[in-house]
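Taking it in order: structure first as structure tokens, then the write-up.
The values are calculated or read from the model by the stated rules, or taken from the named source; none is laboratory data. Bear in mind the structure is a predicted one, so any value in this text is a computation, not a measurement. Neighbour counts are summed over all protein chains in view; Cβ atoms, including those assigned to glycine, are modelled from backbone coordinates with ideal geometry.
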Amino acid sequence: MAEENILLHHALRLGDDALILGQRLSEWCGHAPMLEVDLALANIGLDLLGQATHFLNLAGEIDGKDRNADALAFHRDVLDFRNCLLVEQPNGDFAQTIARQFLFSNWQELLMREIAAAPEPRLSAIGAKAVKEIAYHAKFASEWVVRLGDGTEESRTRMIAGLDWMWRFVDELFDPKDGTPSLRPEWDGRIARTMAEANLEMPKPRRGAVGGRAGHHSEHLGHLLTEMQFLQRAYPGAKW
Amino acid sequence: MSAIAELSLKDRIFEILSQVPDPEIPCISVVDLGIVRDVRGQTLVITPTYTGCPATIAIEHDIRAALTRAGLSHIKIETTLSPPWTTDWISDEGRAKLRDYGIAPPKKGAAKHSLRETPTECPRCGSLHTEEISRFGSTPCKALHRCLDCREPFDRFKCH
């Protein structure tokens, strides 16, 4: 693959991961269990949408088809999205949302740290900016895993169920072909430390679901896109 | 263009922009906040605070309007991400203005340890006997705190 193509793939994946999770988190706006959590989830979603804008603008620039971040977000269909399956999973209850954020943000922080040190200046500039924000997301999610896992019987049951639901989408992040296998040991260590603090056992190994990076998505992504893209589909080119 | 002429253009632009308030925290100017980075030739370089901060677009709009009013509509505005914005770039004057406005300013030089909890001083009574209510507040750059002595809730500008 030519260097430009590799860069385009990276920018699309990073942008789509952030865009889809940002959209998912925005579904919580006005529905979170308490005001502070509502603000937190909206803030995290906003950070992710900001990162997505930068990565997708870069992808559009490399692609050279006169598409900016908005065009890539609103005018592509489900098969063209390159996000991992984890970020498109439904919010479920609050514990399931926290499980997804915990697994993702801890991975994204390690990944973005590497990208910040990458030789490509446009990519590394976004990475260096994003890594500072993601550190907050990882800490927020990890604290809630401990609070719920080591909380009441009800919160613990839900936290275990949430992690169990999300666990099968972890392997895709570290897939030898499309993922970041070198980050696995450090990620495993982080996850294990928080799980021990939360008095939780690691979820049982599951056969990993993969395919998001090749455009093979779960049914959930199509539903998410119908909502996210509705306005541009109904009124193409509409502007504020 | 001579070095002296360039220097004076930069000074002039910084002077103009020191009158442009941040749209979310109007007590402080975009220069105090460290968003205005440099003037290179006829190009003004600015940087966003947080990648998703909705104020970024409003700020660029306000800067453009201020330049136009000053007869500098030919100046280009360029947004750069690198090096990433840090709260260490907030001026001492900016920190004082934030405190007067009721927002606990970030400690200078603390950005490297942004996740380490350090006692935050209540902007109202000066007590260090305070606690965090939520790490995420009304804007991406602020956290919610409360003073355990004077009992007032307050915003803290996050070290970043």
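Name the one entry in A:A71, A:A42 that is without any contact (Cβ under 8 Å) to a residue 12 or more places away in the chain and part of a helix (DSSP H, G or I).
A:A71
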For this session: Return the only residue of B:L44, B:L67 being of a type outside the set (D, E), assigned to a helix (DSSP H, G or I) and at pLDDT 95 or above.
Result: B:L67
Exercise. B:D149 versus (1) more than 24 Å from A:L39 (Cβ to Cβ); (2) modelled with pLDDT under 95: which is the lone unmet condition?
Worked result: (2)
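Which is within 14 Å of chain A (Cβ to nearest Cβ) and touching an Asp or Glu at 6+ places or on another chain (Cβ under 7 Å), of B:L81, B:L144? Working first, answer last.
On the way: B:L81 fails: touching an Asp or Glu at 6+ places or on another chain (Cβ under 7 Å).
Exactly one residue qualifies, and that residue is B:L144.
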Exercise. A:G151 is checked against (1) at pLDDT 95 or above; (2) part of a helix (DSSP H, G or I) and fails just one. What number does that condition carry?
Worked result: (2)
Exercise. Where residues in the range B:115-160 are among the β-branched types (V, I, T) and closer than 21 Å to A:S142 by Cβ, which of them is surrounded by the most Cβ atoms within 10 Å (Cβ to Cβ)?
Worked result: B:I133
Exercise. What are the residues in the range B:1-21 that are out of contact with any strand residue (DSSP E or B) (no Cβ under 7 Å at 6 or more places or on another chain) and either assigned to a helix (DSSP H, G or I) or at pLDDT 95 or above (or both), if any?
Worked result: B:A3, B:I4, B:A5, B:E6, B:L7, B:S8, B:D11, B:R12, B:E15, B:I16
Exercise. If A:P185 satisfies every condition in (1) part of a helix (DSSP H, G or I); (2) closer than 23 Å to A:I98 by Cβ; (3) not β-branched (V, I, T) but one, which is the exception?
Worked result: (2)
For this session: Inspect the range A:113-131 for any residue being more than 11 Å from chain B (Cβ to nearest Cβ) and among the polar types (S, T, N, Q) and give the result as yes or no.
Result: no
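Results for (1) more than 23 Å from A:I44 (Cα to Cα); (2) touching a Gly at 6+ places or on another chain (Cβ under 8 Å); (3) assigned to a strand (DSSP E or B), shown as yes or no for each residue.
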residue: B:C53; (1), (2), (3): no, yes, no
residue: B:H61; (1), (2), (3): yes, no, no
residue: B:L81; (1), (2), (3): no, no, no
residue: B:P84; (1), (2), (3): no, no, no
residue: B:E93; (1), (2), (3): yes, no, no
residue: B:L98; (1), (2), (3): yes, no, no
Seminar exercise, completed: Of the residues in the range B:109-141 that are at pLDDT 85 or above and not in a loop (DSSP other than H, G, I, E, B), the one that is farthest from the other protein chains (Cβ to nearest Cβ) is B:T130
Exercise. Since B:A104 meets every condition but one in (1) more than 13 Å from chain A (Cβ to nearest Cβ); (2) touching a helix residue (DSSP H, G or I) at 6+ places or on another chain (Cβ under 8 Å); (3) without any contact (Cβ under 8 Å) to a residue 24 or more places away in the chain, which condition does it not meet?
Worked result: (3)
Seminar exercise, completed: Considering residues that are under 30 Å from A:P176 (Cα atoms), touching a helix residue (DSSP H, G or I) at 6+ places or on another chain (Cβ under 8 Å) and outside any loop (DSSP other than H, G, I, E, B), the number found within the range A:203-237 is 7
